[in-house]
Amino acid sequence: MDALLNVFVFFVLFASAAGSFVLTRRILNPVIILVASFFVPMWLASMRLSALQSNSWDYDTVVVFLQSVGAWLIFPLCVLVSLRIGRKSDVANGLAAEDSVVRSMHFAIAARIWAVLVLVGYLTSNYVQAHSLIPLFGDPEALYRAHNEFPPALRFFARGGPAAALLLYLCYFGGRRRVDLLLLGCMILLPMTRLSRIDVIMTFVGLAVLYGVRPLWKLRRIHVIVLIIVGCASVLGAIELGNQRTNRFGTYSVSYEKAIGWKPAEAGPSGAFAVAYGYVPLSFENFDRYVNQAKYRKKTWGAMSLSWLFFGLKLNWIPGFGSLIEGADSFEPVSGAANVPTSLFPFYSDFGVFGVWLPMIVYMTVLCFFYSRSGRSYLWLALYGLYAGAFTLSGFQALIAAPIIFHQLVEIVVVFLVAQSLSRRELTRQKPAQLHRTAKDL
């Protein structure tokens, strides 16, 4: 069954990626994003490069993976073909008429205010949790505990970095003001103060989406080479820092290759190949483990897939709600070094093997909706960039349905609405003055 799945996925995913690029001329369209970040890792997982993997996947797992091909590859490709949307040239031309929006001082002020709130919220969280503004230089144990958790009262602001980064990029594109570039750098570096890499990945994907349509500078060949070298060095550095975080910077001596039972003789520099395999492809093995352990549990009927909707709401008064979700996400992973079950587990928990396609289609429709409008205004382009970043991590975690993503989508909308409201108010005040000057001249 695994061999059949391999052949099927190989031909379908690469044909879909090639077709989507020919259609749109955009590398970061929904199809290619899913091919690179979800289906290639799934294909690698089927090669079973870890000794911790089972010899074959559960029947339910295979059925879910086949449904994902339809929902997250064939469906968006059909959307692109049928609507003929999102061509790079059309997007650039459509946004040119909207340049005045991001050149507005009101937009810049609103974006900067949000960025400062994120900066203050993040540093305050660092101090509250690790008693240091930069936990990276403090207690390794405190750094490990705090790398992905935030105080509830500050989480809304502290996790808004990717959204703030996209807004600041647009500010700098519109006004070329150094303060926006400085704040943008802060948004990128903030998560590294506690070695939290998820927000960094989302930010870079979102910025790449924006740059692909509205570049800040024209890249020459030498610039591309330098970016590739710097990117590779950054990835290796992030892997090494992750290893050091796991080992508490010398307190322990844990080999990631041994922790996941890496089979090939070559693990790469700093164990990069093993770490990359453990972080994403091995997550598909964890999903198989989740399926094996959760297939006979009660379905949660949307409580997991719509967690962003229920976040912060006290719903225990609803009969049976507490028992419905209690332990729904619990399972025994393949290893403590690789313990996440991809973005599919909440969908499986809610609707089982034959209903998992429903939330997958829903969230892919949201991504395609943002993409289809990304050439109409900078608002839709920013929303697409952020949600594309969340989808890039779908082979790792269920961020596409997480509250922190939907909070940031709302934050982007609010900044644009506030800026537009202030601009309209100023225009309304200016009109009587202009009419008075015209009458006086007459």
Segment 103-170: spread of alpha-carbon positions along the three principal axes, whole Å, largest first, is 45, 22, 15
Dimensions in Å of segment 110-240 - Rg and Dmax from alpha carbons:
15.6, 46
Charge context of residue 349, other residues only, Cβ under 11 angstrom, K/R +1, D/E -1
+2
What dipole magnitude, in Debye to the nearest 20, does segment 255-397 give about its Cα centre under +1 on Lys/Arg Cβ and -1 on Asp/Glu Cβ?
380 debye
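Direction-averaged shadow area of the convex hull around the Cα atoms of segment 344-413, nm²? Don't skip to the answer; put the middle values down first.
Numbers: hull surface 18.2 nm².
It is 4.5 nm².
Values in this text are rule-based calculations from the coordinates and carry no lab data. As the structure is a prediction and not an experimental result, all values here were calculated from the model. No Cβ is skipped: glycine too gets one built from the backbone with ideal geometry, and neighbour counts run over all protein chains shown.
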